[in-house]
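The structure appears below as structure tokens.
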Amino acid sequence: MRRIGILVPATNSAGMIPEFSRRLAALGWIEGRNLAIELRNAQTQLERLPALAKELVDLKADLIISVTTPATRIAIAAAGSIPIVFTWVGDPVAAKFVASLARPGGTVTGVSQVQADLAAKQLEFLRAVVPGLARVAQLYNPKYAGGPMNAKYVEAAARAGISLVRVTVTSAADLEPAFAEAAREKASAMLVPPEPLYAEQGKRIVQLAKQFRMASAGQSREYAAAGGLISYGANYADGFMRMAPYVDKILRGARPADLPVQLADRFELVVNRKTAAELGLTIPQSVLLQATEVIE
């Protein structure tokens, strides 16, 4: 019997575990027979992550799966020599989780979502949809480990003719004041970074974007499906499932140091035409032709 621990910051990622378990079963690791899976979910309370990671270490997990940058940082600090496989991490080299993508070194490897170029594409699509777009707001959480890095990507993307307004949101209670501030600053669009808090509050964010008449862009399909104008980003489910072969290899004796970090290779543009109509916007044909999915 081998034991793997899964450390997640929020429920949206925990929902992918049943399919992940089936992927492992196809590789010969059957839960209850030769595999035990221990899930620890911080439920967006990131301050709980260290204690949850310690629980997995105390259970003598053979391997820890960490989901997102903050969970991975905490897992590395707690795990010692226990191998770690991560996903939903933007830049593991910049975060100093691995020495390089090709040669991770140490005990850590996984799947990178490559966030650096996503902000530029999101702004490109927003400019195509919103006539004369000149001022864009961005939700920002300085308490989130990946927040400053994502903000840096957005700043770099916004230099080409876009004025950026950063509004701080560290809890659900901050959302409405943040949108009100963005409106006072005359922002006509909102960028929603891929963070556990914002994922959990996706429906509320969509409601506020409509209330304040702002086009909005997120990174996951779920954001557009909830009513956001567009989403553009890596397929998160695919990133989660691509960990399964690495888990299999490590449980059979492979070293994480010898397994290159995988890069996301499935990117999706989802457009919500119903939301566009509610905002009085028309999605250009040039954008529709690039869309993976159009929600009517």
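The values are calculated or read from the model by the stated rules, or taken from the named source; none is laboratory data. This one's a predicted model, so the numbers in the text were calculated from it and none came from an experiment. No Cβ is skipped: glycine too gets one built from the backbone with ideal geometry, and neighbour counts run over all protein chains shown. Ligands, DNA and RNA are excluded from the accessible area calculation, which covers all protein heavy atoms including side chains. Shrake-Rupley method; radii C 1.70, N 1.55, O 1.52, S 1.80 Å.
Using alpha carbon coordinates only, what is the Rg to Rh ratio of region 49-196, with Rh defined as the Kirkwood radius? Before the final figure, lay out the partial values.
Values: Rg = 17.9 Å, Rh = 16.9 Å.
Radius of gyration relative to Kirkwood radius: 1.06.
Determine the per residue accessible area of the chain with all protein chains present and a 1.4 angstrom probe, expressed in square angstrom. Could the numbers behind the result be given before it?
On the way: 12530 Å² over 296 residues.
That works out to 42 Å² per residue.
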Pulled fully out, how much extra length does the chain show between residue 185 and residue 292, if you take 0.36 nm times their separation in residues and subtract their Cα-Cα distance? 35.3 nm
The distance between the Cα centres of region 231-264 and region 62-118, in whole Å, is 10 Å
So the carbon and sulfur contribution to the accessible area of the chain, 1.4 Å probe, in percent, is 51 percent
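Quickly estimate the mean residue ellipticity at 222 nm for the chain, helices only: each DSSP H run with n ≥ 4 gives -39500 (n - 2.57), and the total goes over all residues, rounded to 500.
Details: 14 runs with 114 residues, N = 296.
After summing the helix terms and dividing by residue count, I get -10500 deg cm²/dmol.
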Give me the orientation-averaged projected area of the Cα convex hull of region 153-296, in nm², one decimal. 10.7 nm²
Just the accessible area for residue 57, please: 1.4 Å probe, Å², rounded to the nearest 10? 40 Å²
I'm spelling it out carefully: the read-out is percent of Cα pairs over 31 Å apart, the candidates are [x] 20; [y] 39; [z] 30, and one was derived from this structure. Which label? [z]
One checks the Cα atoms of region 1-129 and finds Rg and Dmax, in Å, of 15.9, 54
Modelled FRET efficiency - R0 30 Å, residue 168 with residue 34, Cβ distances, 0.05 increments: 0.05
Note down, for region 180-234, the three equivalent ellipsoid semi-axes (square root of 5 times each alpha carbon gyration tensor eigenvalue), biggest first, whole angstrom. 18, 11, 10
